[in-house]
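Everything on this sheet refers to the single structure shown next.
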Amino acid sequence: MTSNIKEAALYYANKGWKVFPVNVGQKKPLAALAPKGHKDATSDKVVIERWWTVHPNANIGLNLAASGLVCVDVDSYKEDCTFGTFMEKHELPETLIQRSARGGNHYIFACPKDAVFPGGLGVGIDVKHNGYILLAPSRFSEGVYTWMNDLTPAAAPSWLP
């Protein structure tokens with residue numbers, strides 16, 4: 001994966017993922033280009049090219065539902081995170097994993113766009129679908145988002161919906 005933000009945004013668009021610009025070093029959508037936030041996300045390469053030419057260092061936001069994806073966001077860096085206990089009772093399929101800037105993990109799964117998920121699974125375990133996450137190589141105050149693997153997102157496990 002490239003460390004060039006515009007190239008990365010175009011790479012995601014080639015996958016059919018819907019992306020949008022986010023303020024440099026933040027998680028807040030770049031209102032000047034995406035006034036509706038994650039709802040302005042697109043896989044249109046012309047639009048993406050324009051966005052990241054105007055703001056070459058903007059972070060990359062991913063509209064999960066519009067991209068047919070769901071993310072289990074695990075804040076494993078938090079002392080009270082219950083992911084280990086939760087996973088004792090559930091099987092985690094091999095899937096695409098991204099390391100967040102703070103050191104947690106994003107487990108990304110494929111799902112129907114109209115799927116319904118709980119907001120959380122335990123302390124430090126959020127389920128994100130009707131919103132967005134940042135994608136590598138976005139930067140946040142604590143660090144850089146990076147891919148842990150390059151797997152195709154597995155189907156969301158039956159225990160998730």
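General remarks:
- One residue alone among L62, L96, L30, L69 is surrounded by fewer than 21 Cβ atoms within 10 Å (Cβ to Cβ) and in contact (Cβ under 8 Å) with a residue 24 or more places away in the chain, and that residue is L96.
- Only one of P112, P93 that is under 16 Å from P153 (Cβ atoms), in contact with a Phe, Trp or Tyr (Cβ under 9 Å, 6 or more places away or on another chain) and outside any strand (DSSP E or B): P93
- Region 137-161, residues that are modelled with pLDDT of 95 or more, more than 13 Å from the chain's Cα centre (by Cα), open to solvent by less than 50 Å² (accessible area, probe 1.4 Å) and of a type in the set (G, A, S): A154, A156
- The single condition from (1) small (G, A, S); (2) open to solvent by 10 Å² or more (accessible area, probe 1.4 Å); (3) touching a strand residue (DSSP E or B) at 6+ places or on another chain (Cβ under 9 Å) that G84 fails is (3).
- Candidates V19, V54 - the one that is among the β-branched types (V, I, T), modelled with pLDDT of 95 or more and surrounded by 13 or more Cβ atoms within 10 Å (Cβ to Cβ): V19
- Residue in region 120-129 that is at pLDDT 95 or above, assigned to a strand (DSSP E or B), surrounded by 15 or more Cβ atoms within 10 Å (Cβ to Cβ) and touching a Leu at 6+ places or on another chain (Cβ under 7 Å) present: yes
- Of all the residues in region 1-24, those that are closer than 25 Å to H129 by Cβ and out of contact with any Leu (no Cβ under 9 Å at 6 or more places or on another chain) number 8.
- Looking across region 99-118 at every residue that is open to solvent by less than 60 Å² (accessible area, probe 1.4 Å) and under 13 Å from P161 (Cβ atoms), the one that is modelled with the lowest pLDDT is identified as P118.
- Complete set of residues in region 33-46 that are within 17 Å of K15 (Cα to Cα) and either at pLDDT below 95 or surrounded by fewer than 17 Cβ atoms within 10 Å (Cβ to Cβ) (or both): D44, K45, V46
The values are calculated or read from the model by the stated rules, or taken from the named source; none is laboratory data. Not measured: the values here are computed from a predicted model. Ideal geometry is used to build each Cβ from the backbone, glycine not excepted, and the neighbour counts take in all protein chains shown. Areas reflect the complete protein model, heavy atoms only, side chains present, ligands, DNA and RNA absent. Shrake-Rupley method; radii C 1.70, N 1.55, O 1.52, S 1.80 Å.
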